[in-house]
Amino acid sequence: MAKAFSDDLRCRILEAFERKEGSQQQLARRFGVGFEYVRKIRRQQQRSGQKERVPQSRHGRRSRFTEAVKEQLRGRLREQPDLTLAELAEKLQASGVEARRSRISQVLQCMGLARKKNASRRRARH
């Protein structure tokens, strides 16, 4: 994926446009960017009123596993470390969070909480 142009370059192009140092096409050539980029940042400036890049919104759905839900998982596993994924799913559903076992497993893995014990690894340590 292409790297974004810096805010510094963006501001210099917009300031040159405001000082009427050339058309959008001339400025694009002068700064070594595409005409469509100059058009885009000019429209964004008109819309938002600022020269710097506006932070992008988050794409996709928000995760059901908020920090509070993750803390709830940690707490349940501290109380009862031998819970299965199905049991965790039931307990989460009782508290209003629906999730499949595969997603719970992914979240636990990201949190650094392993659900399976590896017997062969335990023996290799001794």
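The values are calculated or read from the model by the stated rules, or taken from the named source; none is laboratory data. Remember, predicted model here, so these are calculated numbers, not experimental data. Cβ: placed from backbone, ideal geometry, glycine included. Neighbour counts: every protein chain shown.
Note on segment 1-14: residues that are free of Cβ contacts under 8 Å to residues at least 12 places away in the same chain and assigned to a helix (DSSP H, G or I) amount to 1. Return a yes/no flag: does segment 15-32 have any residue that is under 26 Å from the mean Cα position of the chain (by Cα), assigned to a helix (DSSP H, G or I) and among the hydrophobic types (A, V, I, L, M, F, W, C). Checking segment 15-32: not a single residue is under 26 Å from the mean Cα position of the chain (by Cα), assigned to a helix (DSSP H, G or I) and among the hydrophobic types (A, V, I, L, M, F, W, C). Of all residues in segment 63-75 being closer than 17 Å to Ala114 by Cβ and charged (D, E, K, R), which is surrounded by the fewest Cβ atoms within 10 Å (Cβ to Cβ)? Taking the candidates together, the pick is Arg74. Scanning segment 33-49 for residues that are part of a loop (DSSP other than H, G, I, E, B) and either among the small types (Gly, Ala, Ser) or in the same structural domain as Leu92 (by TED's automatic domain parsing) (or both) yields a total of 2.
Here's the yes/no breakdown for (1) surrounded by fewer than 11 Cβ atoms within 10 Å (Cβ to Cβ); (2) in contact with a strand residue (DSSP E or B) (Cβ under 9 Å, 6 or more places away or on another chain); (3) outside any helix (DSSP H, G or I); (4) not charged (D, E, K, R):
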site	(1), (2), (3), (4)
Gln56	yes, no, yes, yes
Arg61	yes, no, yes, no
Leu77	no, no, no, yes
Leu83	no, no, yes, yes
Ala89	no, no, no, yes
Gln106	no, no, no, yes
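Inside segment 91-101, residues that are surrounded by 13 or more Cβ atoms within 10 Å (Cβ to Cβ), of a type outside the set (Val, Ile, Thr) and not in a helix (DSSP H, G or I) make up a count of 1.
Counting only residues that are within 16 Å of Ser6 (Cα to Cα) and polar (S, T, N, Q), which one in segment 17-52 is surrounded by the most Cβ atoms within 10 Å (Cβ to Cβ)? By that ranking, first place goes to Gln45.
Each residue in segment 1-32 was checked for being aromatic (Phe, Trp, Tyr) and within 20 Å of Pro55 (Cα to Cα), and 1 of them qualify.
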